[in-house]
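Where a number appears in this text, it was derived from the coordinates with a stated rule and is not lab data. The shown structure was predicted, so the numbers you read here are calculated from the model rather than taken from an experiment. Cβ sites come from the backbone with ideal geometry, for glycine too, and all protein chains shown count toward neighbours.
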Amino acid sequence: MNQKQQEKLVALVEHLRTLGTIAVGFSGGVDSTFLAAVCSRELPQVSMLIHLTTPLIGTPEQASFEASASSFDIPVLELRIDPLDNPNVAANPRNRCYHCKHVAFEAIIQAAREHGADTVVDGSNADDATDYRPGMQACKELGVRSPLLECGWHKDEERALLREWGYSVWNMPAGACLATRVPCEEPLTHEKLHLIRACEDWLRARGFRQIRARLIAGKLQVQAAPADLHRFEQQAGNASLPQEAIDAFYSFGAKNIDPVVVPYIHGGMNG
């Protein structure tokens, strides 16, 4: 750790100390894992983690939570909720994330209070400040703090320290909840989420890392980051799905599949 990182880490820890007893909303992604690691290393007596298992969480994040939860020297609480029970989430309006975050953090705040926590924090960082994230407004309204954002931490800085500290999640590709795979105003259903998850898991099991299975007006379309797009091109001679992928996706319940794999754009459909 260089001097700049050390100074920035000290400032973050000092900031966290002002928040009293802390409950971290822990998804299992890079940001919340970094925050959890800092709390575990520096503030274990006044910290806890609260994880929500929901139909919207991606498999990599859920697997990261399950693999890393025992590595922290602080209590970990897992809650199970279904945001689709809220009609404002299931309808998938443009501000769906606002309603979803409200549902999620209301549950986290209630559990945190029951366990004596003074402050609930999330993993939003300085990179998020420029994105369209209506969920951040919900967090503000509920009094959730974002110490990484407040202290100016960026994801590349978090990855560097997680790697140094030995956390394998340091190079996890950016993720987003599965609701972002469906265009706003198209309703969310468990069937759609199951299909999206199954397709993405199938691709990841074959070595693809940063992919999205979008379900747009009933048609499944795969988006891939440059390295993964290149792999598709090598396998099929062009940027298209191999026949075995198409067959698998139909078996998962897809009705209409776009065979062309298109470039993944960060922030597209907000995830």
Item to complete: Taking Cα Rg over 2.2 N^0.38 Å as the quantity of interest, determine which of [x] 0.98; [y] 1.14; [z] 1.03 was computed from the displayed structure.
Response: [z]
Item to complete: For the chain, return all DSSP H helices satisfying: extent of Cα atoms along own axis at least 27 Å; mean Kyte-Doolittle hydropathy at least -1.0.
Response: 96-114
Fill in: Sequence-distant residues sharing a close amide H with residue 78 (under 5 Å, placed H)
51
Practice prompt. Return the Rg/Rh value of segment 158-203, two decimal places, where both radii are evaluated on C-alpha atoms and Rh is the Kirkwood radius.
Written response: 1.17
Worksheet item: Taking Cα pairs under 8 Å and at least six residues apart, what relative contact order does segment 123-219 come out at, in percent?
Response: 22 percent
Discussion item. Run the helix sum for the chain: -39,500 (n - 2.57) per DSSP H stretch of 4+ residues, divided by residue count, reported at 222 nm to the nearest 500 deg cm²/dmol.
Written reply: -13500 deg cm²/dmol
Discussion item. I want to check a number: in the chain, how many lysine pairs have alpha carbons closer than 20 Å, given a sequence separation of 8 or more or different chains?
Written reply: 6
Response to the item:
Stretched fully, the stretch from residue 205 through residue 258 gains (0.36 nm per residue minus C-alpha distance, one decimal, in nm) 17.0 nm
Worksheet entry | Residue order, fewest to most beta carbons within 10 Å, for 33, 119, 18 | 18, 119, 33
Discussion item. For the pair residue 141/residue 82, report the inter-label distance in nm, with labels modelled 7 Å from Cα in the Cβ direction.
Written reply: 2.4 nm
Worksheet, complete the sentence: Percent antiparallel among DSSP beta bridges confined to the chain, nearest 5, equals 30 percent
Item to complete: With no solvent and one equal point scatterer placed on each C-alpha of segment 178-270, evaluate the Debye formula and give log10 I(q)/I(0) for q = 0.12 Å⁻¹, two decimals.
Response: -0.32
Worksheet, complete the sentence: Between residue 163 and residue 265, Cβ-based FRET efficiency (R0 25 Å, step 0.05) works out to 0.45
Discussion item. Tell me which of 108, 149, 166 sits at the most positive position along the dipole axis of segment 101-175, charges placed on C-beta atoms (Lys, Arg +1; Asp, Glu -1).
Written reply: 108
Discussion item. Only Cα pairs within less than 10 Å get springs; with that Gaussian network setup on the chain, which residue of 172, 48, 136 has the largest fluctuation?
Written reply: 172
Worksheet item: Which value in Å does the Kirkwood hydrodynamic radius of segment 75-216 take, with 1/r averaged over all unlike C-alpha pairs and then inverted?
Response: 17.0 Å
Practice prompt. Determine, for each peptide in 101-110, 209-218, 186-195, the mean count of other beta carbons within 10 angstrom over its residues, then list the peptides with the highest first.
Written response: 101-110, 209-218, 186-195
